[in-house]
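No lab work stands behind these numbers, since they all come straight from the coordinates. All values derive from a computational prediction rather than experimental measurement. Note that each Cβ is placed from the backbone with ideal geometry, even for glycine, and that neighbours are counted across all protein chains shown.
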Amino acid sequence: MAQAEPTPGSGSATGTIYDLGYQAYEGPRRGRGYALWSLYVLSVRNAFGIGRGALPKAMAFTLLLFAHALAIVQLILGAVLPVDEFEFVTPEDYYGLIQFILVLFVAAIASDLVGNDRRTNTLSLYFSRPIERDDYALAKIAALCSSLLALTVLPQLLMFAGNALGASDGLDWVRDNADELPRIVASGALLCLAFGSLGILIASYAERRAFAMISVIAIFLVSFTVVGVVVSEIDNEQMRWAIFFSPLHVVDGSTQYIFDSLPEIHADSRRGEPSDQVAWADFPGYVWPIATFAFAVVASALVVRRYRGSV
Amino acid sequence: MPLIETNGLTKRYSRVTALDGLTLDVEPGIIGLVGPNGAGKSTLIKILLGLVDATTGTAEVLGLDAAREGLRVREVVGYMPEHDCLPPDQSATNFVIHMARMSGIPPSAARERASEVLRHVGLFEERYRHMGGYSTGMKQRVKLAQALAHDPQLLFLDEPTNGLDPQGRDEMLDLVERTGHEFGISIVMSSHLLSEIERVCDGLIVIDDGKLMRTGRIAELTDETAVLAVEVEWDADRLADMLTERGLEVQVLGRELEVAGGGSDGVHDAILDAVVTLNLPLVRMERRRRTLEELFQPGADGAEASNGAG
C-alpha cells in the first residue's frame, strides 16, 4: 500500500478518518423471525436490567429473590428439622402467597418493556424494520411472560427438588409426587400468560412510567380488593359473576383447579380466603383455567390492536 | 429499475387528503423531497415504507410493491425519522448493533456493521457513552448510522439537518452527499430548505397539498430555466425589440438584457446574430442558472413554469 500523503482538499483530520471508507454488506439477511428473536432476547435482558444501569438490575433481582424466599425457607427448614416430608408451603398455595411480588414485578417491568420505546419514539425505528407491528407487540408480551416464569415456575421447581433431596427416600418421593411437575408448569404458565399480557396491555396505554406502574398495581389490586369485599359483603347469588373481574381471583382458581385443591364449599366460603370465594362461586372447575387463558388472549389481542393503530 | 414508482397514489384520512393522485417515476440518486409542512412528505415516506396503506393507487420501491411486500422493502431500505427517537440510557454502539439485528443482520456482522457505520458518520470514542448526554449533532449522526446499519439500497431521511447549527448542517449535508455519491446508496431526503436540496441532490420532487408540483433532475430544471445575460455598451432597447420580434422572451435591466432559454444553442446564435446586425458593442454574454429558491418564489416566472411542466 502506498504511503498516505495528505492531498490538498482532503487534508482535514475528520475527512481523512471518514475516508477509511464504507464497506458494503454482502452477508446473509436473516429476516423477520431472527429480528423478532433479537427483540425478544433484548427485552428479556432488559427485564432483568442486564445491559442497563444498577437500579433496574437491583429492583428486578430483589423481586426475584423475594419470589424465591418461601422456597428457600422451605428448603432450609426441610433440611434442619428432623421430620420426614415437612411442608411449610404447598405448591398450590405458592403463587397466591407471592402474588403481590408478581404484581410489583409486572408493574416495574412492563413499563420498561413497552413504555420506553413509545416515550423515546424508538417505536418508529422498530416499525421501519422488516417486522410487522403485531410481531413487536407479541415479542414484548412473550418477553414479560417468560421473565415471569423465573419468579413462578423456577422457585416451585427449586422447592420440588429440595423436597426430593430432603426426603428420606428421594426417588420414592419423586415417584409419589411426580404429578406435581406438570401441575406446577401448567398453572405457572397460565399465570404468566395472564399477568404478562395484562401488564403489557396496561403499560402500552400509560404514557408515563410512574403512571404505568401505578396503573398496573391499581388494576390488579383494586379489582382483587373490591371483588373480595363485594363478594363477602353482598349476600346475593349473582355476585358470583363478579369474580371474573378480578384477575388474581381467576388465576388462583385456575391454580387450585389444576392442583385439584379447590376448597370445599362451606357456610362461610363467601367470607373466606380468595380460594374459598372462588369455590363459593360454584362454577365447574375447568372454567378457571379457561378464564385465565381468555384473559391472556383478550389482553394480547388488545395490545396488538393498540400497536396497529400507531405509526 | 426505477427507484420509486407511484401511480395515482392517494391517501385520505377522515377529514384531510394527505396525498392526492401522486404519480412519480424516480431514478436512483439523491432526491430532494420538498414541500411546506403538511404537504404530505411524511405520509408519502410512510406509504413507501409499507407502514401506511394508500386509499387508492400503487407504490413500488426498488421494484417491490410497498403495500404487499412491506417487509421486503424494509429489509433493504433505511429510515431516519425527523424527530428524536433514541433511547437515552443506551450507548450508540449497543443501539446500532441492536438495530442492525432488527434488520436481519447476524450478531457478529451486526457488531462489525455498527462500528463501521458509526465511524462513517464520525462518532468515535463517544459511541460507548449513553446517548442521553449527546448533542443534537451527535444524535443526528446516530440516527443516520442506525438507518445505514443494514447497508440499505435506499435511505429515507426526514429533515436530516433539523435543529443543527450552520456547521452541523454543513457536516450533515457532506455526509449525505458522500453516502449517496461515493457509496452508491440512493437517498430520498426531505427538507424545507431549497438551498440544501440544491447543494446535495441530483433530483427533486416538489409536493404541495398532497399534489405533485414538479419532479425531475435538478440540472435539467435549472437548465430549462437558465437565462442568457447580455450586456451591450448602448442601445439595449433596440436589441431587445429585435430579439422580441424573433420570438424570444426578453427582460431589459438597464444596459443588460436577460434572455430566457439560456440552455439552447439557438438562442445563443440568435442573440449573436442580432448584435452583429445592429452592429452593437457586446460587453459580455453569460449563462445564468437560477437557484431553486428563485424558481419557487411565488410569482416568479419559474413558479408558473413549474405548474405547467412536470
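Here are the numbers for the structure shown:
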item: Most fluctuating residue given options B:GLU245, B:GLU196, B:GLU60, as computed from a GNM of chain B linking Cα atoms under 10 Å; result: B:GLU245
item: For residues of A:49-58, the mean tally of beta carbons on other chains within 10 Å; result: 1
item: Spatial separation of Cα centroids for the stretch A:203-243 and the stretch A:26-96, in angstrom; result: 26
item: Cα-based shape type of the protein assembly as shown, given that a ≥ b ≥ c are square roots of the gyration tensor eigenvalues and the cut on a/c is 1.5; result: prolate
item: Two-site label geometry, A:PHE100 and A:LEU221: point separation in nm, points 7 Å out along Cα→Cβ; result: 0.7
item: B:ALA219-A:ILE214 FRET efficiency (beta carbon distance; Förster radius 45 Å; 0.05 resolution); result: 0.15
item: Whole-Å distance, taken between Cα centres, linking the stretch A:133-163 and the stretch B:127-156; result: 34
item: Point-to-point label distance, A:ILE72-B:VAL16, nm (Cα→Cβ direction, 7 Å offset); result: 5.7
item: Anchor B:LYS46: lysines whose Cα lies under 28 Å away (excluding residues fewer than 8 positions away in-chain); result: A:LYS140, B:LYS11, B:LYS139, B:LYS143, B:LYS211
item: Summed residue charge, Cβ within 9 Å of B:VAL200's Cβ, Lys/Arg positive, Asp/Glu negative; result: -4
item: Nearest-0.05 FRET efficiency for A:GLN238 and B:GLU69, computed from C-beta distance (R0 51 Å); result: 0.45
item: Inter-centroid distance (Cα atoms) of the stretch B:87-105 relative to the stretch B:194-249, Å; result: 46
item: Ranked by how many other beta carbons lie within 10 Å on average, peptides A:244-253, A:298-307, A:228-237 from highest; result: A:244-253, A:298-307, A:228-237
item: Shielding by partners - mean other protein chain Cβ count within 10 Å, residues of B:71-82; result: 4
item: Sorted peptide list for B:170-178, A:132-140, criterion being average Cβ within 10 angstrom, highest first; result: A:132-140, B:170-178
item: Cα-based shape type of the stretch A:30-308, given that a ≥ b ≥ c are square roots of the gyration tensor eigenvalues and the cut on a/c is 1.5; result: oblate
item: Residue-averaged beta-carbon neighbours from other chains (10 angstrom radius) around A:26-36; result: 5
item: Fewest-first sequence of A:THR122, B:THR58 by Cβ atoms within 10 Å of each Cβ; result: B:THR58, A:THR122
item: Anisotropy class of the stretch A:171-311 from Cα gyration tensor, a/c 1.5 cut; result: oblate
item: Residue-by-residue Karplus 3J(HN,Hα) for the stretch B:228-239, coefficients 6.51, -1.76, 1.60, Hz, glycine and proline x; result: 9, 8, 10, 10, 10, 5, 8, 6, 4, 5, 5, 4
item: A:SER168/A:LEU65 FRET efficiency (R0 25 Å; Cβ-Cβ; nearest 0.05); result: 0.25
